[in-house]
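Have a look at the structure below, then the notes.
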Amino acid sequence: MLLRDASAVDAAEADSATQSVSVPLPRSGTAAVPAARDGSATPGTAPRTAAAAPEAPLDTRVLSRTLLLRLSEVEEGSPEHAYVRGTLVELNLPLVRFAANRFRSRTDQYEDVLQVGTIGLIKAIDRFDPHRGVEFPTYAVPTIIGEIKRFFRDTSWSVRVPRRLQELRLALAEATEEFSHKHDRAPTVVELANHLGMSVEEILEGMEAANAYSPASLDAHDLDDDRDNALIARLGQEDEALDGVEYREALRPLLARMPPRDRQIIMLRFFGNMTQSQIGERLGISQMHVSRLLARALARLRADLSA
């Protein structure tokens, strides 16, 4: 009932908006009379009078109704159909501006909203049946507003999610508000599932998708807390040594099978960060000998790892 009343109010306001637009048309059965250059009437025509009455403006609603009837009669795709359709779009552009003004405070893309609203107007013209006895603004305004809302739904999300989840988010919000108003508390997941006739997994999926609508900033601070509690400061950091765990576990049995001196050279070089000269001094061998032993040990490890 509330939605029906709101649509009626929108149609009434839009109807008043279109009443302010009038289109002067020539009277039926008359034609423009060319005048001679000296101001006299051309031969065979009645002389003009200085007190000629101005053309009476025709109400846009009446003209739109006439054109809509004509549009339903002409063949689609013909030049006349395209002309009548384009004229109807131009005549009813005030309906688009009326609907777009309702969303002016929600976005700075007003020109985009006007274009989307015009698409909705074209759809309303193509789908309208003038023989059903309904005024065109009553049908067009909800169609235009629905097209604009669809535009916001498809472009306002920070992360693109399927339309099914977008509609599920709206259903969850409405169900939560209705339940909270009735029971004075927030509903549980099971209660939402029972209320909407869905499974718990679907409700959880919808709740997770709702986080993609307006994500929180990593630099946002809690206004009620004076401490430096930005979200990015509370997130865990990646351990740089984590990647080495897998390699260490793979090398452990291979190192255990190596000769003691080769294993010692590997440990001193890569885990003790010693140079070949320092290793040679500790083991009492030359740096060239350490280099040959190290190359042989590494070749053996590579072969064992790839086996």
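Elements of the type helices (runs of 4 or more DSSP H) sitting completely within region 188-307 and holding at least 3 residues that are modelled with pLDDT of 85 or more and at negative phi: these cover 189-196, 200-210, 243-256, 260-266, 276-283, 287-306. Among the residues of region 62-101, the one identified as polar (S, T, N, Q), under 25 Å from Lys149 (Cα atoms) and open to solvent by 70 Å² or more (accessible area, probe 1.4 Å) is Asn101.
A quick yes/no check of all residues on (1) at pLDDT 90 or above; (2) within 15 Å of Leu67 (Cα to Cα):
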position	(1), (2)
Glu80	yes, yes
Leu95	yes, no
Arg104	no, no
Glu111	no, no
Tyr139	yes, no
Pro142	yes, no
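Of the residues examined, Arg132 is one that is open to solvent by 30 Å² or more (accessible area, probe 1.4 Å), farther than 15 Å from Ile144 by Cα and among the basic types (Lys, Arg).
The numbered conditions (1) open to solvent by less than 50 Å² (accessible area, probe 1.4 Å); (2) more than 14 Å from the chain's Cα centre (by Cα) are all true for Ala173 except (1). Number of residues in region 275-295 that are surrounded by 12 or more Cβ atoms within 10 Å (Cβ to Cβ) and within 20 Å of Tyr247 (Cα to Cα) equals 1.
The values are calculated or read from the model by the stated rules, or taken from the named source; none is laboratory data. Please read all numbers here as calculations on a predicted model, not as lab measurements. Every residue, glycine as well, gets a Cβ built from its backbone with ideal geometry; the counts of neighbours run over all protein chains shown. Protein only, heavy atoms only, side chains kept; ligands, DNA and RNA dropped before computing areas. Shrake-Rupley method; radii C 1.70, N 1.55, O 1.52, S 1.80 Å.
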